[in-house]
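**Student:** Below: one structure in structure tokens.
The values are calculated or read from the model by the stated rules, or taken from the named source; none is laboratory data. Just so we're clear, the structure is a prediction, and the values are computed from it rather than from any experiment. Don't worry about glycine lacking a Cβ; one is built from the backbone with ideal geometry, like all the others, and counts go over all protein chains shown.
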Amino acid sequence: MSQQTGSLRGKYQQLIDAATQQGVSNLQVRQEGNVLYIDGNAPSEDVKKQLWEIYGRIDPDYRAGDLIMNIQASGSSNDTGSEEYTVVAGDSLSKIGQKYGVSWKEIYEANKDQVKNPDLIHPGWKLKIPSKK
């Protein structure tokens, strides 16, 4: 039995429902191949964090690689106050986050344009480091 087509949406339905209930605007859910994309604008940083917590419960280590969640928080500073960091060999998003006092998820969210898999970053990449809240 093939689980590919509907199973991703089913796997993450709790997350999609929460996004809808929490008032995420411009919510778009689409599947390309074996990856589900969820995009939208959360009404606050708290809502965005709640969605990431649900994602973390569904896929605790974010290792399935079958979801790309690109949720922006309204009123969050996009480029103001963010620093730039150049990745060196041996870095991970967690290590970089510890250095700057932010979570690896926040760095990942700020760099979705180039980081497709949070477990794979490459030396030489310039990452935006969001400012501490």
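**Student:** Which residue out of Asp46, Asp79 is assigned to a loop (DSSP other than H, G, I, E, B), at pLDDT below 90 and within 22 Å of Pro130 (Cβ to Cβ)?
**Tutor:** On the way: Asp46 fails: assigned to a loop (DSSP other than H, G, I, E, B).
Every option except Asp79 fails the conditions.
**Student:** Going by the conditions given, is Tyr55 surrounded by 12 or more Cβ atoms within 10 Å (Cβ to Cβ), not charged (D, E, K, R) and not in a helix (DSSP H, G or I)?
**Tutor:** Answer is no for this residue.
**Student:** Let me ask something else about it. Any idea which of Thr20, Thr5 is hydroxyl-bearing (Ser, Thr, Tyr), modelled with pLDDT under 90 and farther than 19 Å from Gly97 by Cα?
**Tutor:** Only one candidate qualifies: Thr5.
**Student:** For the stretch 22-41, how many residues are more than 15 Å from the chain's Cα centre (by Cα) and over 13 Å from Ile54 (Cα atoms)?
**Tutor:** 8
**Student:** Can you find a residue in the stretch 58-65 that is among the hydroxyl-bearing types (Ser, Thr, Tyr), under 20 Å from Ile121 (Cβ atoms) and at pLDDT 85 or above?
**Tutor:** For the stretch 58-65, residues among the hydroxyl-bearing types (Ser, Thr, Tyr), under 20 Å from Ile121 (Cβ atoms) and at pLDDT 85 or above: absent.
**Student:** Could you check, for the stretch 86-104, whether at least one of its residues is assigned by TED's automatic domain parsing to the domain that holds Arg9 and on the phi > 0 side of the Ramachandran plot?
**Tutor:** no
**Student:** Gly23 passes all but one of (1) under 28 Å from Ser94 (Cα atoms); (2) surrounded by 14 or more Cβ atoms within 10 Å (Cβ to Cβ); (3) touching a helix residue (DSSP H, G or I) at 6+ places or on another chain (Cβ under 9 Å); which number fails?
**Tutor:** Against the list (1) under 28 Å from Ser94 (Cα atoms); (2) surrounded by 14 or more Cβ atoms within 10 Å (Cβ to Cβ); (3) touching a helix residue (DSSP H, G or I) at 6+ places or on another chain (Cβ under 9 Å), Gly23 comes up short only on (1).
**Student:** Output the residue which, of all residues in the stretch 97-111 that are at pLDDT 90 or above and either of a type in the set (Val, Ile, Thr) or in contact with a strand residue (DSSP E or B) (Cβ under 6 Å, 6 or more places away or on another chain) (or both), is surrounded by the most Cβ atoms within 10 Å (Cβ to Cβ).
**Tutor:** Ile107
**Student:** Quick check on the stretch 36-43. Is at least one of its residues closer than 30 Å to Arg9 by Cα, in contact with a strand residue (DSSP E or B) (Cβ under 8 Å, 6 or more places away or on another chain) and assigned to a loop (DSSP other than H, G, I, E, B)?
**Tutor:** Among the residues of the stretch 36-43, at least one is closer than 30 Å to Arg9 by Cα, in contact with a strand residue (DSSP E or B) (Cβ under 8 Å, 6 or more places away or on another chain) and assigned to a loop (DSSP other than H, G, I, E, B), which makes the answer yes.
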